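Structure first, then comments.
The values are calculated or read from the model by the stated rules, or taken from the named source; none is laboratory data. As the structure is a prediction and not an experimental result, all values here were calculated from the model. As a convention, Cβ positions derive from the backbone with ideal geometry for all residues, glycine included, and neighbour counts pool all protein chains shown. In case anyone asks, the SASA skips ligands and DNA or RNA and just uses the protein heavy atoms, side chains included. Shrake-Rupley method; radii C 1.70, N 1.55, O 1.52, S 1.80 Å.
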Amino acid sequence: MRPIPDRKFILASHNKGKLAEFAELLEPFGYQIRSAAELGLDEPEETGTRFEENAYIKAFTAAKATGLPALADDSGMCADALGGAPGVYSADWATLPDGKRDFSQAMEKVEALLREKGGVTPEARRARFVAVLCLCFPDGEAEYYRGEVEGRLVWPPRGSLGFGYDPIFQPDGHDRTFGEMTGEEKHGWRPGDAQALSHRARAFKKFAEARLA
Ligand code: IMP
């Protein structure tokens with residue numbers, strides 16, 4: 001496997017919630033990480049229709065700009081009753097005309113659409129979070145790690161921790177939403193653990209086992 005030179009790579013993200021989670025997940029490993037936000041790199045347009053495509057766009061843009069390998073995460077919440085929406089458009093559903101993001105409004109939109117579809121039973125409220133990590137080298141060579149977590153959408157939103165759609169997502173086997181869990185609880189994983197909970201931690205576990213061990 002192609003090595004990561006000098007244990008240095010870029011985290012190709014400007015999303016504060018994701019960056020905080022990656023900082024926690026990466027903390028036990030001795031890698032020198034800088035984020036695209038810290039380095040003032042431009043945010044590329046996410047023109048793909050699959051998580052893999054957008055993860056590649058972000059990772060390759062940062063790797064090309066810096067000459068270092070870059071790790072990007074493309075993720076989203078997929079509601080079964082909405083045909084998998086908002087999916088890769090999860091951030092767009094929260095974006096206001098002035099470019100700011102409002103997740104209360106995005107969660108209300110999801111809830112209104114679910115009700116239109118008759119989404120009142122737990123079965124009709126099934127959803128999953130998906131995260132695809134792409135590690136890309138400056139010449140464009142890339143590898144992918146995917147994580148998913150199943151659960152259901154609750155209403156009203158609960159909890160003020162986490163970010164994005166966390167307050168309405170209750171993972172299977174738990175009675176709290178991601179918005180009511182600390183980062184540590186949401187990840188549900190430390191190096192060496194056999195299982196992880198969140199989509200991001202499940203994808204990161206595969207990346208860490210392949211790349212950081
Ligand atoms: P993108 O990957 O930057 O296009 O944006 C992913 C969007 O999906 C985020 O802005 C959130 O809206 C949503 N999302 C992804 N992962 C999570 C999560 O762990 N919790 C809550 N929302 C998430």
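Rank 39, 82, 114 by mean-square fluctuation in a GNM of the chain with C-alpha springs under 10 angstrom and give only the top-ranked residue.
Comparing 39, 82, 114 in a Gaussian network model of the chain, the most mobile one is 39.
Considering only the other residues whose Cβ falls under 14 Å of the Cβ of residue 30, what net charge follows from Lys and Arg at +1 and Asp and Glu at -1?
Summing Lys/Arg as +1 and Asp/Glu as -1 gives +1.
What figure in square angstrom, to the nearest 10, would you give for the accessible area of residue 120 with a 1.4 Å probe?
Counting only protein heavy atoms, the figure is 110 Å².
Efficiency by 1/(1 + (r/R0)^6): what FRET value for residue 174 and residue 143, r their Cβ-Cβ distance, R0 = 25 Å, to the nearest 0.05? Intermediate values should be presented prior to the final figure.
Details: r = 31 Å, r/R0 = 1.22.
Plugging the Cβ-Cβ distance into 1/(1 + (r/R0)^6) gives 0.25.
Across 5 Å bins from the origin, how do the percents of Cα pairs in region 124-213 run, short distances first?
Spelled out per bin, shortest first, that is 3, 14, 23, 22, 15, 11, 7, 4, 1, 0.
Rg(Cα) of the chain divided by 2.2 N^0.38 Å? Intermediate results must be reported in sequence, preceding the final value.
Working: Rg = 17.0 Å, N = 213, 2.2 N^0.38 = 16.9 Å.
Rounded to two decimals, the normalised Rg is 1.01.
Please work out the C-alpha center-to-center distance from region 1-39 to region 54-133 and express it in whole Å.
Rounded to whole Å, the Cα centres lie 21 Å apart.
May I ask you to give the solvent-accessible area per residue for the chain, in square angstrom, as obtained with a 1.4 angstrom probe?
For the chain, the per-residue accessible area is 48 Å².
Just to be sure I understand: with springs between alpha-carbon atoms less than 10 Å apart, which residue in 160, 35, 75 has the highest mean-square fluctuation in the Gaussian network model of the chain?
Top of the fluctuation ranking is 160.
Per-residue ellipticity at 222 nm for the chain, helices alone: DSSP H runs ≥ 4 residues times -39500 (n - 2.57), over residue total, nearest 500 deg cm²/dmol? Write out the running numbers ahead of the final one.
Working: 5 runs with 55 residues, N = 213.
Counting only the DSSP helices, I get -8000 deg cm²/dmol.
Taking 25 °C and 0.890 mPa s as the conditions, I'd like the Stokes-Einstein D for region 1-106 in µm²/s, using the Kirkwood hydrodynamic radius from alpha carbon pairs.
Translational diffusion coefficient: 163 µm²/s.
Along the three principal axes, how long is region 72-164 when you take its alpha carbons, biggest first, rounded to the nearest angstrom?
Principal axes ranked by extent give 48, 33, 25 Å for the Cα atoms.
In terms of the ratio Rg/(2.2 N^0.38 Å) built on C-alpha atoms, what value belongs to region 126-175?
So the Cα radius of gyration is 1.55 times the expected 2.2 N^0.38 Å.
In percent, what relative contact order does region 145-213 have, based on Cα pairs under 8 Å that are 6 or more apart in sequence?
Working: 112 pairs, mean separation 22.1, N = 69.
Answer for region 145-213 is 32 percent.
For the chain, what is the relative contact order in percent, using Cα pairs closer than 8 Å and at least 6 residues apart in sequence? Intermediate values should be presented prior to the final figure.
Details: 401 pairs, mean separation 37.2, N = 213.
Rounded, it is 17 percent for the chain.
Can you pull out the trypsin sites (Lys or Arg not before Pro) in region 47-105 whose DSSP state is coil and whose Cβ has at most 11 other Cβ atoms within 10 Å?
100
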